[in-house]
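Beneath this line is the structure, given in structure tokens, with notes to follow.
Any read-out appearing in this document is the output of simple, stated calculations on the displayed coordinates, not a laboratory observation. Note that the structure is predicted; figures quoted are calculated from it, not measured. Virtual Cβ from ideal backbone geometry, glycine too; neighbours counted across all protein chains shown.
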Amino acid sequence: MIATPKLRYRVWFSVKISFLLFACCLAAGCGGKVPEKDNRTAQVAFDDAVKLVEAESYSQALPLLESAIAAGGLSADLYAEALLLRSRCHADAGALDKAEADLTLSEQGSPSPAKFQFAKGILLSKQGKKAEADAAFKAAKKIDPSIKLPK
């Protein structure tokens, strides 16, 4: 079966809604509760990592992202974004298998299809798949024209 763009969007939307409902259930106390201290620790580490990624200091951002993800206190959207950022850091370090694993994990709950496409483009570029990387960057730019593409 060939997946049409409309079908892919419906599947993506269904998976995202399921992921968000699961996260809401956890936040409401239906599942394991994360201590408030872990929430703050994760949030601070995530915020610091975002600044470092923006400054292209990927090697410094990676341990902070590891900490934020391991703490278990991020919301579903931030968790997915942390995976995307960690994917970029792994790709920059040449750990392409780890980058691909994070990208795959983040795909189901990614809050931003544009950021997902951008991270996918970074990985494909590092893998030497220029045409596929360019297509991913083009898709990211189409979704969000404000995204700054790599040089």
Any GluC sites (Glu not before Pro) in the range 50-96 that lie in a DSSP loop and have at most 14 other Cβ atoms within 10 Å would be 56
Just the projected area, averaged over all directions, of the convex hull on the alpha carbon atoms of the range 65-131: how many nm²?
-> 4.1
Cα-based reach from residue 129 at 16 Å (exclusive), listing aspartates and glutamates while leaving out same-chain residues under 8 positions away | 92, 97, 100
D for the range 26-143, whole µm²/s, Stokes-Einstein with Kirkwood Rh over alpha-carbon pairs at 37 °C and 0.692 mPa s: what number?
-> 227
Positive-end extreme of charge dipole, the range 52-151 - chosen from 83, 123, 149 (charges on Cβ) | 149
Of the listed pairs 115/138; 98/148; 51/130, those with alpha carbons more than 19 Å apart are 98/148; 51/130
Given charges at beta-carbon only (K, R positive; D, E negative), |dipole| of the range 26-143 in Debye | 320
